[in-house]
Amino acid sequence: MAAWGAAGPGPEPENEPENKNKHKHEFEYAYEYAYEYTSDEYADEHPRDDGLEPDRAAGQAAAREAVRTAEQIVGDAWINRLLLIEHETEATLGIRARLRDQAAERVHTVRRADDPGALLRARLGLEHADRQWGQAVAAYELAREILTDELARWSHATASRAQQAWTDRSAAGRR
């Protein structure tokens, strides 16, 4: 992302650390949940009141569900961040296009005034605006490409997790 340069997405949103902590907390909860239901150590420390052995299959299914939930949370956060970057690069592209149009209009206006010095400055301004616009186009295309690739991966992973959840529920007799 640092390779995007001046046409990049800009500063981090102010609430970004808050969102990272939220996802970290949800992931830690899912991990603890998985440990609670699959650990032999936990089962030894917390025997069932009815004297029965813990249902290891149900515990393992619950652990897999917790892991799937954590993976989905992380995947969703990643896709949301990529969508934000794509939106920001699109906005930057629009701004750079307007600045380029304004620079072209200045060149056109100065041409009529017959002032060679002003025309040179206006043309240099247009060249600079063209370079900035080109960088914005490249950044936007890169953001779109990354987003498209990651959306395909995310979609496949989400479908796979849904299938795994259905399989676990079917094996446990719950659909």
> HN-Hα J couplings of the range 137-143 from phi, Karplus 6.51/-1.76/1.60, θ = phi - 60°, integer Hz, Gly and Pro as x?
Replying inline: 4, 4, 5, 5, 4, 5, 4
> What FRET efficiency comes out for the pair Ala58/Thr158, r = Cβ-Cβ distance, R0 = 30 Å, nearest 0.05?
Replying inline: 0.80
> Ranked by Cβ crowding within 10 angstrom, fewest neighbours first, how are Val110, Val137 ordered?
Replying inline: Val137, Val110
> Between His128 and Arg111, how many nm apart are label points set 7 Å from Cα along the C-beta direction?
Replying inline: 2.1 nm
>> Could you tell me how far the Cα centroid of the range 108-154 sits from the Cα centroid of the range 56-83, in Å?
In response: 41 Å
> Based on the alpha-carbon gyration tensor of the range 54-175 and its eigenvalue square roots a ≥ b ≥ c, which shape applies: rounded if a/c is under 1.5, prolate if not and a/b is larger than b/c, or oblate?
Replying inline: prolate
> What are the ³J(HN,Hα) values, in whole Hz, obtained from phi via the Karplus relation 6.51 cos²θ - 1.76 cosθ + 1.60 with θ = phi - 60°, for each residue of the range 149-154 in sequence order, with x given for Gly and Pro?
Replying inline: 4, 5, 5, 5, 5, 4
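No value in this document is a laboratory result; all are computed from the given coordinates. Computed from a predicted model, the values in this text were never measured in an experiment. FYI the Cβ positions are ideal-geometry reconstructions off the backbone, even for glycines, and counts take in every protein chain you see.
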